[in-house]
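Worksheet for the structure shown next.
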Amino acid sequence: MTSATHAVTAVAHPNIALAKYWGKLDGDGNVPAVPSLSVTLEGMATSTTVAFDDSLAHDELVLNGALQPADGRAALRAAALLDRVRSSASVSAHARIVSNNDFPTASGLASSASGFAALALAAVRAAGLDWPATRVADLARRSSASAARSIFSGFVELEGGRDASGVARQVAPADALDFRVLVCVTTEAAKATSSTEGMKQTQASSPYYAAWVENAQRIHRAMREALLAGDFVRVGELAERSALAMHACALAAGVVYVRGATLDALAAVQSMRKAGMAVFATIDAGPHLKCLVRTSELDATRDALARIDGVLRVLETRPGGGARVVESMPKERSA
Ligand code: PMV
């Protein structure tokens, strides 16, 4: 058995799904029940350092400056990813993980996507594995399906549905469509229902689940076409439809992520659109509304959203890069 090799730091960005997935296939591969298409967003980032170390008795996770309890959810999920890496690389040592987000954690801002993308890449490289991006994405997906998409830059598809194996791939580069994503932050707190729990509850009891699955496949196909045609308005319309369909399906199972401020921001986006602006909303498994807007209408849109009661701040993000290693420090090998 080999032991520690490198302390590797990787950075990854969140992504938002324009065509969302919600629901998973049976089995242990964590494969979504429907295909999804996302955009990786620069302007928010997770930075994660992994160092395997023989002297550790168990894996350690320091998240946003706080050492996580070893038996807590975050540490256990990170350790499960490390176990997969250890068994592929024949590494026996435990690891210390230090991870920082520059945006609210676990509140529907895709911190699990950027978090597990950065962790997967840093862990794989720290263990000395030279895996291609597709394989790193496969590892990341097993921890958080949306994390597979954050491995890649620009517009990214994640396979889902019957016979799919959950492969992620880039569909178009970041400059394929010129727009920005404004994130209306409505709370700094973590959400009460994780997306995994929300999906389980939805699959078990939403009367609309079968309709959602069927509709999501159609939206995904149309989204791909609109994106490749460079049609921002169509991409925006479909993104808003996808988000509202997902939330309608989840709401019918009692799974509620939106708050008053989320709906006020949605109403503002819809009324700007009635006034002739090309702005569109999307909402993930959390209370923050994200607004898709052309650069030419950015300032007016940001001002209108920032004025809404309950919108604490508005973050500006843009299509951007995939996960990358930013630092790799050789450590002494203690075989
Ligand atoms: O894969 P998770 O657990 O991060 O869940 C993602 C759920 C949504 O963000 C709502 C949809 C999506 O396709 O990203």
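The values are calculated or read from the model by the stated rules, or taken from the named source; none is laboratory data. The structure displayed is predicted, hence computed values, not measured ones. A quick note on method: Cβ atoms are made from the backbone with ideal geometry, for glycine too, and the neighbour counts reach across all protein chains shown. What goes into the accessible areas is simple: the full protein's heavy atoms, side chains included, and nothing from ligands, DNA or RNA. Shrake-Rupley method; radii C 1.70, N 1.55, O 1.52, S 1.80 Å.
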Discussion item. Within region 140-163, take every residue that is closer than 19 Å to Ala216 by Cβ and hydrophobic (A, V, I, L, M, F, W, C) and give me the one that is nearest to the ligand (Cβ to nearest atom).
Written reply: Ala145
Worksheet item: Does Arg333 satisfy being at pLDDT 95 or above and charged (D, E, K, R)?
Response: no
Practice prompt. Those residues that are open to solvent by 20 Å² or more (accessible area, probe 1.4 Å), in contact (Cβ under 8 Å) with a residue 24 or more places away in the chain and more than 21 Å from the chain's Cα centre (by Cα), I need them from region 242-271; list them, please.
Written response: Ala252, Gly254, Gly260, Asp264, Ala268
Item to complete: For region 151-195, enumerate the residues that are assigned to a helix (DSSP H, G or I), open to solvent by less than 70 Å² (accessible area, probe 1.4 Å) and of a type outside the set (A, V, I, L, M, F, W, C).
Response: Ser195
Response to the item:
Flagged in region 11-39 as within 13 Å of the ligand (Cβ to nearest atom) and either among the basic types (Lys, Arg) or over 17 Å from Asp138 (Cα atoms) (or both), in numbering order, are Ile16, Ala17, Leu18, Ala19, Lys20, Trp22, Gly23, Lys24, Val39
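Name the single residue that is nearest to Val293 (Cα to Cα) among those in region 221-241 being open to solvent by less than 20 Å² (accessible area, probe 1.4 Å) and not aromatic (Phe, Trp, Tyr).
Looking only at region 221-241, we keep the residues that are open to solvent by less than 20 Å² (accessible area, probe 1.4 Å), and these are 223, 226-227, 232, 235-236, 238-240.
Imposing the further condition that a residue be not aromatic (Phe, Trp, Tyr) reduces the set to 223, 226-227, 235-236, 238-240.
On the way: Met223: 16, Ala226: 16, Leu227: 15, Val235: 11, Gly236: 8, Leu238: 14, Ala239: 12, Glu240: 12 Å.
It comes out as Gly236.
The rows are residues; the columns are (1) in contact with a strand residue (DSSP E or B) (Cβ under 7 Å, 6 or more places away or on another chain); (2) buried (at least 23 other Cβ atoms within 10 Å of the Cβ); (3) not hydrophobic (A, V, I, L, M, F, W, C).
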position	(1), (2), (3)
Arg77	no, no, yes
Leu81	no, yes, no
Ser99	yes, yes, yes
Ser114	yes, yes, yes
Asp130	no, no, yes
Ser144	no, yes, yes
Arg149	yes, yes, yes
Worksheet entry | Filter result for Thr282 (buried (at least 23 other Cβ atoms within 10 Å of the Cβ) and among the polar types (S, T, N, Q)) | yes
Fill in: Filter result (closer than 16 Å to Ala239 by Cα and away from the ligand (no atom under 16 Å from the Cβ)) within region 177-208
Leu177, Asp178, Phe179, Arg180, Leu182
Worksheet item: Does any residue of region 264-274 turn out to be closer than 30 Å to Thr49 by Cβ and out of contact with any Ser or Thr (no Cβ under 6 Å at 6 or more places or on another chain)?
Response: no
